[in-house]
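Q: Take a look at the following structure, please.
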Amino acid sequence: MGLKLSTLAYVRCGAETLMLRRPDRANQGASADDKGARPVTSVKAEGQTGRWNGLGGKFEPGESPEVCLRREVLEESGLDVEEAVLKGIITFPDFDGEDDWYVFVYLVTHFSGTPTASDEGDLYWVPTADLAQLPLWDGDHHFLPWLDQPGLFSATFWYSSGRYQRHEVVFHR
């Protein structure tokens, strides 16, 4: 068993959050706006069918969390991160059946550029108040509200065969 380091960024612009939607392979290329989201791009990608997520990905050798954050947001959206706040760290023990994942979760508060297509999925500006209505990873429903709380969180989320089991969290204020 090993470990993976990654970042997860939620880019905010006013009352909206930029979300990545993995295409439904059965309907790839179809225009999806069934959740009241305002589309930015429409692309095709392999991925977690129909799930929505923030932007991010795995560290490359020698990267700090902040460098990984900036690179991943740029690669997945074309946006340059100008300011981001580390909101928490999430541990996912044995998440993929092989490795523990450690995810640095950021709230991007200032950026430049215009969102553009990538191979990761479709990008949408979604009203932040509506995020919980999207088909997210089950655990995301628990930690997304923590992004708007002061301080830092440290959480562990357990999944088994891709299904949420439970979580524990400590808040540092």
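Q: Step by step: first the residues of the range 108-139, then only those that are of a type in the set (Ser, Thr, Tyr) and crowded, with 18+ Cβ neighbours inside 10 Å, then the one that is farthest from Gly56 (Cα to Cα). Which residue is that?
A: Thr128
Q: Just need a number here: residues in the range 77-115 that are in a strand (DSSP E or B), farther than 17 Å from Ser154 by Cα and touching a Gly at 6+ places or on another chain (Cβ under 7 Å).
A: 2
Q: Look through the range 157-173, keep the residues that are touching a residue at least 40 places away in the same chain (Cβ under 8 Å) and crowded, with 17+ Cβ neighbours inside 10 Å, and return whichever of them is nearest to the chain's Cα centre (by Cα).
A: Taking the candidates together, the pick is Phe157.
Q: While we're here: Residues to consider are Leu123, Leu131; find the one that is within 30 Å of His172 (Cα to Cα), at pLDDT 90 or above and in contact with a strand residue (DSSP E or B) (Cβ under 8 Å, 6 or more places away or on another chain).
A: Leu131
Table: residues versus (1) in a strand (DSSP E or B); (2) over 15 Å from Glu120 (Cα atoms); (3) modelled with pLDDT under 80.
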| site | (1), (2), (3) |
| --- | --- |
| Leu5 | yes, yes, no |
| Tyr10 | yes, yes, no |
| Leu18 | yes, no, no |
| Asp34 | no, yes, yes |
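Q: Going residue by residue through the range 51-72, is there one that turns out to be farther than 26 Å from Phe153 by Cβ, at pLDDT 95 or above and out of contact with any Asp or Glu (no Cβ under 6 Å at 6 or more places or on another chain)?
A: yes
Q: Across the range 134-168, what is the number of residues that are closer than 24 Å to Gly97 by Cβ, in a strand (DSSP E or B) and not hydroxyl-bearing (Ser, Thr, Tyr)?
A: Selection size over the range 134-168: 8.
Q: Does Glu120 satisfy the condition of being acidic (Asp, Glu) and in contact with a helix residue (DSSP H, G or I) (Cβ under 6 Å, 6 or more places away or on another chain)?
A: Yes, satisfied.
Q: Could you list, in sequence order, all residues of the range 117-173 that are within 18 Å of Val11 (Cα to Cα) and hydroxyl-bearing (Ser, Thr, Tyr)?
A: Matches in the range 117-173: Ser118, Tyr124, Thr128.
The values are calculated or read from the model by the stated rules, or taken from the named source; none is laboratory data. As the structure is a prediction and not an experimental result, all values here were calculated from the model. In this analysis, Cβ positions are derived from the backbone assuming ideal geometry, glycine residues included, and neighbour counts consider all displayed protein chains.
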